[in-house]
Amino acid sequence: MSPPIDFSLRRRTLLAGTAAAAVVAAATRNTAAAQGTGVPVSAGETKSSVTLVVNGRERELMVDNRVTLLDALREHLKLTGTKKGCDHGQCGACTCTVNGERINSCLSLAVMHDGDEIETVEGIGQPDAMDAMQTAFVENDGFQCGYCTPGQISSARKVIEEIRAGIPSHVTDDLTAEITLTDAEIRERMSGNICRCGAYANILAAITQVAEERA
């Protein structure tokens, strides 16, 4: 058998523990009171005000600090064109642009983008006034179920811009020469956007069509 534990409660230990418990309780009460009256709380805040410029329109939101940009767009602003696929940044269905750069919005917190300009598929075009890339997707049957299509279109438009800007990819052979818009370049740059229906050949055709029209 283990020997009995020799435990004795000292006056100093008791006083220190009591004081610490009192401090924690007071802090908890103060935080709750401040949250109830709308007074800003410096420690332990859970929500923040953020202003997003979405499709050219300034939108002010009060969001939980843990809310992703994707959920802010879909749940708070009701812009459901940007899709939630894997929610792990692996499928590209949530692709949108922030300050002109495409990102996976499921991997980015909304509070990180205060003042940023965000473009979703709703800002690219409408059924009666489609963007050239949207038109090309329709003409080339670049989608089947359509779930991944908004992210595909957002990425496809930026792929052409990246190549024209001379930004290399993993398949770019010569970093000093002008980058040629080839099938390999397009496939590599679109590899982060998964189409579970397998419409890749038609997506490639749509992107190539737009690139040739703009050449």
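Readers should treat all values here as calculations from the given coordinates under stated rules, not as data from a laboratory. Just so it is clear, the model here is predicted, and its values are computed rather than measured. Using ideal geometry, Cβ is built from the backbone for each residue, glycine included, and neighbour counts are taken over all protein chains shown.
Observations on the structure shown:
- Residues in region 79-120 that are farther than 22 Å from residue 190 by Cα and either touching a Cys at 6+ places or on another chain (Cβ under 6 Å) or charged (D, E, K, R) (or both): 114, 116, 117.
- Residues of region 108-158 that turn out to be over 20 Å from residue 195 (Cβ atoms) and out of contact with any helix residue (DSSP H, G or I) (no Cβ under 8 Å at 6 or more places or on another chain), as a count: 11
- Among residues of region 180-205, those that are surrounded by fewer than 17 Cβ atoms within 10 Å (Cβ to Cβ) and either among the charged types (D, E, K, R) or in contact with a strand residue (DSSP E or B) (Cβ under 8 Å, 6 or more places away or on another chain) (or both), counted: 5
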